[in-house]
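Heads up: the structure comes next, in structure tokens.
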């Protein structure tokens, strides 16, 4: 006789019945806890009322104007320094609001204490280029990217700054203050002076190279044994300069003009230590909305009441235990 060793499949209705019983037990446990909480609240009415007043007071205090927190962000292009330097400076700025040092923050940002009192802090976030293809893919707002991960490359000259503010009407003032703060930094301003000096030297070298290349063209036109003005057709000669690849030293001229264009862009738009790509703009949501404040405060108040009520309710057992331990 052959034994049947195949596992028996459980009937779907049995599974549903077990799940239903588990849910029922959980629901009953929750109701039991609520009932015990209600008993404690009724037994210690004065204590419960005290915590209700405490919850209302804390919620009202946290909903005051000073406690409101909005977020605003700006995207910058770093001309001098690197992302880590800027993040370090932002962390140093954020220490002033943490210590409630409004005057110190106002002094270092060169703003009025009124505006400084509306600032809660700053954060800096990396801009990520996936697969290192020179395309900005996303901003690492959660700071979750592993710096050793080669598939996610940090863009070294871009970052997003987030400001935590009490009042969104001061965004323009805060942006100007941040810009001036970085521009006046001794280390970054020294790098900026060096970079601009190098750009001026490059510009001077470009003009010299262009003159030398033009001289070489003239020499070859006059001395080249197999070259004449008939080298290009009449139609091509009538085109503007650099319009045809048949022109002598075309690639060299093209490279020089590309370099000159890059220098011109830097000299005209990137004169400071940083360039603002997008202004400081508010994000949509309030960071600590009213419903969140009330929910968290209520949970905190009820937990504290439960702990205190249980301690009071079991005070004799606790006292007896402590006395026995001491003995």
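Each value in this text was obtained by applying a stated rule to the coordinates, not by laboratory testing. Please read these numbers as outputs of a predicted model, since none were measured by experiment. So basically every Cβ, Gly included, is an ideal-geometry build from the backbone, and we count neighbours across all protein chains shown.
Spin-label model, residue 189/residue 88: points 7 Å from Cα along the beta carbon direction are separated by 1.9 nm.
Between residue 135 and residue 296, the FRET efficiency estimated from the beta carbon spacing at R0 = 35 angstrom works out to 0.30.
Working from label points 7 Å from Cα in the Cα-to-Cβ sense, the residue 11 to residue 45 distance is 5.3 nm.
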